[in-house]
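Working notes, beginning with the structure itself.
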Amino acid sequence: MITDTIHSHLKDIQSTKVKSLISKATIIEPTDTLSHVISKIIKNNSYDVFYLKDKSVLSTNIRTLLNAKNIDAMKVESFLYPIPYVTQNDSVQKAANIITHYRIIGVVTAKQIIKLLSSKDNKWIKANLIYTQNPITIHSDESISNAKRIMTTKRIDHLPVLNQGKIKQVLTSYHILQSIMPSEKQGSKSMISRTEHALELKIGNTGSTRIPQCSPNDDLNKVINSMLKTDTTCCLVNLWDTLQGIITLRDILGLLASKLETQIP
């Protein structure tokens, strides 16, 4: 089976120790306000933030924070949840298993792992083996609030945006978080008002237009290299100018995860 062949091909990457992939994490305190946490996320260009509690690791991320009602007054504590973690001597496969379920572990990010994966000759692995077919899209005339609702209910972070029948950009949960982040100079009441107003605005041109695109028959190396070059977290899969699917970092990491569904220790 093709899945067996892929796992055999990536065996050396799976067994690599995560020690070489470690980078600095964004650390927060449970008493931090959501606006303070969001400011840290934007400043550090992070997706996840972490709090170390004794021997446990608590985390939250951009998509989770989109559920907040009052980012100025609310504390981040209620949005934190425990996540598994790895040690420096654990394998990339274990990291991929956890990231596939939780997106990130500690300070080993999905992007660091696909950089390692790009060193392999993956030209025989085609985009149509890993892409998510028929992705959910949204029209540019719809509200940011509706995009936020779709992302939180469907548990996705990428929404291709349609304008006159064509995909013009991709809206991410990060873009929404940026759009609702109030100015520090505003008072709490005006912050709430601005956030509510921002959510009711049309999507318009909000999002990234620098999203790489590929065909279903393009190889994995081309997909990875285009995502790394543009510093993006997804790639659109098109056939004859028609959107067929989307490839995200998590889709790629699925190739490195265990073949069998097992409980994460």
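The values are calculated or read from the model by the stated rules, or taken from the named source; none is laboratory data. Quick caveat: nothing in here was measured; it's all calculated off a predicted structure. Please note: Cβ atoms are built from the backbone with ideal geometry, for glycine as well, and neighbour counts cover all protein chains shown. We work out accessible area using only protein heavy atoms, side chains counted, and drop any ligands, DNA or RNA first. Shrake-Rupley method; radii C 1.70, N 1.55, O 1.52, S 1.80 Å.
Within straight-line reach of Lys111, meaning a Cα separation under 16 Å, sit the following aspartates and glutamates at least 8 residues removed in sequence or on another chain: Asp48, Asp157, Asp231, Asp251.
Pairs exceeding a 30 Å alpha-carbon distance, out of Lys17/Lys123; Lys40/Lys69; Lys24/Lys120; Lys11/Lys43: Lys11/Lys43. Sorting 173-179, 115-121 by their mean Cβ neighbour count within 10 Å, with the most densely packed peptide first, gives 173-179, 115-121. Overall shape: oblate for the chain, with the ratio a/c of the largest to smallest alpha carbon gyration tensor axis at 1.5 or above and b/c at least equal to a/b. Using only side-chain charges placed at the Cβ, +1 for Lys and Arg and -1 for Asp and Glu, the dipole size of the chain relative to its Cα centre rounds to 280 debye. What the Cβ-Cβ distance of Arg210 and Ser145 gives, at R0 = 35 Å and to the nearest 0.05, is a FRET efficiency of 0.90. Considering only Thr153, Cys234, Asn89, and ranking their Cα positions along the charge dipole of the chain that arises from unit charges at the beta-carbon of Lys, Arg, Asp and Glu, the one farthest toward the positive end is Asn89. Remark: the Glu200-Lys166 segment gains 9.9 nm on full extension, using 0.36 nm per residue and subtracting the alpha carbon distance. Paramagnetic label reach from Thr87 (point 7 Å along Cα→Cβ; backbone nitrogen cut-off under 18 Å): within segment 1-34, residues 15-22.
May I ask you to compute the full-extension gain from Lys229 to Asp12, defined as 0.36 nm times their residue separation minus their alpha-carbon distance, rounded to one decimal in nm? Could the numbers behind the result be given before it?
On the way: separation 217, 0.36 × 217 = 78.12 nm, distance 2.44 nm.
Length gained between Lys229 and Asp12: 75.7 nm.
Note on Ser39 and Thr137: the model spin-label points, each 7 Å out from Cα along the C-beta direction, lie 4.0 nm apart.
Place a +1 charge on the Cβ of each Lys and Arg in segment 1-159 and a -1 charge on the Cβ of each Asp and Glu, then give the dipole magnitude about the Cα centre in debye, rounded to the nearest 20.
260 debye
In terms of the mean number of neighbouring beta-carbon atoms within 10 Å, the peptides 229-235, 5-11, 30-36 order highest first as 229-235, 30-36, 5-11. Taking the charge dipole of segment 1-40 about its Cα centre, with +1 at Lys and Arg Cβ atoms and -1 at Asp and Glu Cβ atoms, the residue from His7, Ser20, Ser35 reaching farthest to the positive side is Ser20.
Exposed loop sites are taken as GluC sites (Glu not before Pro) in a DSSP loop (any state but H, G, I, E or B) with at most 14 other beta carbon atoms within 10 Å; the longest stretch of the chain without one runs 1-183.
Hey, any idea what % of segment 110-153's accessible area is carbon plus sulfur with a 1.4 Å probe? So the carbon and sulfur contribution to the accessible surface is 45 percent.
With a 1.4 Å probe rolled over the protein heavy atoms of all chains, the accessible area of Arg250, Arg210, Arg63 falls in the order Arg210, Arg250, Arg63, largest first.
Could you give the accessible area per residue of the chain, probe 1.4 Å, as a whole number in Å²?
On the way: 13900 Å² over 265 residues.
Heavy-atom accessible area per residue stands at 52 Å².
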